[in-house]
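These notes concern the structure reproduced below.
The values are calculated or read from the model by the stated rules, or taken from the named source; none is laboratory data. Source: prediction; values computed, not measured. Here the Cβ is made from the backbone with ideal geometry for all residues, glycine too, and neighbour counts use every protein chain on show.
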Ligand SMILES: Nc1ncnc2c1ncn2[C@@H]1O[C@H](COP(=O)(O)OP(=O)(O)OP(=O)(O)O)[C@@H](O)[C@H]1O
Ligand SMILES: Nc1ccn([C@@H]2O[C@H](COP(=O)(O)O)[C@@H](O)[C@H]2O)c(=O)n1
């Protein structure tokens, strides 16, 4: 399209220019990068819902690749990259976004409804399994392999193309005359995957704020699990049932804030210092440090920036 735009004669200039503008307005990509637990995925989901865009959590693809390796007992990734790449290319990863109208379980997210995301690996719901500590510990190693990144890049780009098409069918987006678009979060979205993204955000927060937020999130989930188990127990009639359930539904325990901080730091160190597509701030990214921002402030800052760049009136200029 660019070469088409440059080849036009003077007489065709105005019509072709408006066609070019229309094309760029019809596709809007928002890249959100940043360190672990800086709020990328919750923010990206809320931004996507606000704008009626598609959403892709690129980290979940690396997490699925890690799960594939773990299930085959592959721990020395560098010795088995070819096998792992073959497994990734044979598998299907789907990210299903469930639009949300209700309030979140997480009080820190305030009044904004954040869609839930389900990750399917070859049709199996692995949303919980890919967030387990063993995956957290290994995922950065998997993501440091260039051939793995190449395989994941293909998946990311085709997911983005599909998500944009779906977003164009979204009613609220069409109402505002918005283009079709996608929000993707990760570590190299603005630098490598979509270097021409219309809006690049680098989301950051202090190491302690990130560790505390993750701890809060885990404890919230733990409370939910305990509540569910309590209800289950109340429903159990026979002693044998109770014994069976007791042995299979033991409440998980979660690490301390300090342990979480160490895990996040180790992952960030690996992501920043790897050779291929390390975590960097793209030169044209808008840096948002949300240590002292509410969730709503960070989401609305991004949706307003996006609206401005799309030529649509911002909604939250008062923030
Ligand atoms: N401004 C904020 N204030 C308080 N909590 C927040 C804020 N932004 C995000 N959070 C919370 O921080 C936690 C981490 O956010 P999220 O999971 O979106 O981060 P992430 O960058 O995607 O993490 P990861 O890289 O590990 O996938 C979540 O519990 C989220 O609800
Ligand atoms: N674009 C990306 C996204 C993720 N990674 C790697 O995956 C890990 C898990 O990502 P989360 O966002 O789910 O925490 C992350 O630590 C990176 O190692 C990546 O390399 N590039």
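Annotations
- Exactly one residue among 181, 128, 110, 177 is surrounded by 17 or more Cβ atoms within 10 Å (Cβ to Cβ) and either within 12 Å of ligand 1 (Cβ to nearest atom) or modelled with pLDDT under 95 (or both), and that residue is 181.
- Selection count where residues are modelled with pLDDT of 75 or more, surrounded by fewer than 21 Cβ atoms within 10 Å (Cβ to Cβ) and over 17 Å from residue 196 (Cα atoms), scope the stretch 160-174: 1
- Selection within the stretch 108-132 - out of contact with any strand residue (DSSP E or B) (no Cβ under 7 Å at 6 or more places or on another chain) and in contact (Cβ under 8 Å) with a residue 24 or more places away in the chain: 108, 109, 110, 111, 112, 113, 114, 122, 123, 129, 131
- Remark: residue 97 matches the filter, which requires a residue to be at pLDDT below 95, closer than 30 Å to residue 311 by Cα, within 16 Å of ligand 2 (Cβ to nearest atom) and assigned to a strand (DSSP E or B).
- Matching residues in the stretch 303-317 - criterion: being surrounded by fewer than 17 Cβ atoms within 10 Å (Cβ to Cβ) and part of a helix (DSSP H, G or I): 308, 309
- Failed item in (1) surrounded by fewer than 16 Cβ atoms within 10 Å (Cβ to Cβ); (2) within 19 Å of the chain's Cα centre (by Cα); (3) under 28 Å from residue 113 (Cα atoms), with residue 292 passing the rest: (2)
- The one condition in (1) in a helix (DSSP H, G or I); (2) at pLDDT 95 or above; (3) surrounded by 12 or more Cβ atoms within 10 Å (Cβ to Cβ) that residue 282 fails to fulfil: (1)
- In the stretch 260-289, the qualifying residues are those that are over 20 Å from the mean Cα position of the chain (by Cα) and free of Cβ contacts under 8 Å to residues at least 12 places away in the same chain, and the one that is nearest to residue 199 (Cα to Cα) is 283.
- Residue within the stretch 60-75 that is modelled with pLDDT under 95, loosely packed, with under 15 Cβ neighbours inside 10 Å, within 21 Å of residue 143 (Cβ to Cβ) and away from ligand 1 (no atom under 16 Å from the Cβ) present: yes
- Within the stretch 29-57, the set of residues being in a loop (DSSP other than H, G, I, E, B), more than 10 Å from ligand 2 (Cβ to nearest atom) and modelled with pLDDT of 95 or more comprises just one member, 39.
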